[in-house]
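Novice: Here it is, the structure, as structure tokens.
The values are calculated or read from the model by the stated rules, or taken from the named source; none is laboratory data. All figures in this text were calculated on a predicted structure; none of them were measured in a lab. Cβ placement follows ideal geometry from the backbone for every residue including glycine, while neighbour counts extend to all protein chains displayed. What goes into the accessible areas is simple: the full protein's heavy atoms, side chains included, and nothing from ligands, DNA or RNA. Shrake-Rupley method; radii C 1.70, N 1.55, O 1.52, S 1.80 Å.
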Amino acid sequence: RKEVEQDPGPFNVPEGATVAFNCTYSNSASQSFFWYRQDCRKEPKLLMSVYSSGNEDGRFTAQLNRASQYISLLIRDSKLSDSATYLCVVTGGFYGGATNKLIFGTGTLLAVQP
Amino acid sequence: SQTIHQWPATLVQPVGSPLSLECTVEGTSNPNLYWYRQAAGRGLQLLFYSVGIGQISSEVPQNLSASRPQDRQFILSSKKLLLSDSGFYLCARSDRLHEKLFFGSGTQLSVL
């Protein structure tokens with residue numbers, strides 16, 4: 001099983017639609033979770049951190065489900081400019097006093113259609 | 001504000017040639033610095049990270065090396081490039097080790 005798994009997509013949605021991505025992780029000890037956005041041939045940019053209580057930033061909502069070991073990203077009222085690859089990022093966990101590195105998913109491609 | 005400078009944006013190199021990619025950071029002191037590689041259709045792979053001057057941790061055995069000669073400078077090198085070294089190389093920084101990362105604009109390396 002991969003450490004972090006995402007549906008590669010593409011998710012083709014019309015403008016104004018609501019779309020949700022899930023990301024599963026294998027390490028139950030993981031402590032930090034993030035969503036990054038990456039445009040084609042550009043660097044990943046932090047979209048939002050994911051907190052246990054869930055968090056919202058405008059049209060974007062992130063949630064964490066520790067019991068089922070997945071995080072989700074919900075985008076409401078999709079814009080053409082939301083078209084990008086969304087990367088799920090999870091810390092590897094906390095073992096023996098050493099924090100493990102960040103594990104990146106391969107990303108989910110979102111294409112918002114006019 | 002904190003800025004990461006990474007250059008060049010694009011690089012085409014023949015197999016067997018040397019490589020030197022430089023990353024500099026502004027607006028912060030003693031950052032944690034990282035080199036990642038993203039191959040086509042694959043996730044980001046951590047190559048090296050550094051918590052301070054002269055301190056380098058290697059994640060993957062390979063023909064690449066890294067150095068941190070100054071607090072805000074991180075260099076990725078190779079003596080002889082392989083075809084498999086092609087990819088998108090990203091420098092990143094964080095305030096806490098292996099936490100929220102901020103990336104430079106990346107270098108697309110093609111080894112031919």
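Novice: Report the label-to-label distance for residue B:22 and residue A:22 in nanometres (one decimal), using points 7 Å from each Cα along the Cα→Cβ vector.
Specialist: 4.8 nm
Novice: With charges set only on the Cβ (+1 for Lys and Arg, -1 for Asp and Glu), what does the dipole of chain A come to about its Cα centre, in debye to the nearest 20?
Specialist: 220 debye
Novice: When DSSP assigns beta bridges and you keep just the ones with both residues in chain B, what percent turn out antiparallel, to the nearest 5?
Specialist: Antiparallel bridges make up about 90 percent of those DSSP assigns within chain B.
Novice: So with the 1.4 Å probe, I'd like the accessible area per residue for chain B, rounded to whole Å².
Specialist: Each residue of chain B exposes 47 Å² on average to a 1.4 Å probe.
Novice: Given the options A:86, A:67, A:4, identify the residue whose Cα lies farthest towards the positive end of the charge dipole of chain A (+1 on Cβ of Lys, Arg; -1 on Cβ of Asp, Glu).
Specialist: Farthest towards the positive pole: A:4.
Novice: Report the gain in length on full extension from residue A:113 to residue A:53: 0.36 nm times residue separation, minus Cα-Cα distance, nm rounded to one decimal.
Specialist: 18.4 nm
Novice: Given contacts defined as C-alpha pairs under 8 Å and at least six residues apart, what's the relative contact order of region B:1-81, whole-number percent?
Specialist: Reported relative contact order: 33 percent.
Novice: With a 1.4 Å probe and every protein chain left in place, work out the accessible area per residue of chain A in Å², rounded to a whole number.
Specialist: Ligands and nucleic acids excluded, the result is 49 Å² per residue.
Novice: To continue, here is another question. Please give the FRET efficiency for residue B:30 paired with residue A:79, using the beta carbon to beta carbon distance and R0 = 45 Å, rounded to the nearest 0.05.
Specialist: It comes out at approximately 0.70.
Novice: Can you figure out the FRET efficiency of residue B:45 with residue A:67, using R₀ = 25 Å and their beta-carbon distance, to the nearest 0.05?
Specialist: 0.25
Novice: In terms of solvent-accessible area of protein heavy atoms at a 1.4 angstrom probe, what is the ranking of B:98, B:5, highest value first?
Specialist: Ranked from most to least accessible, the order is B:5, B:98.
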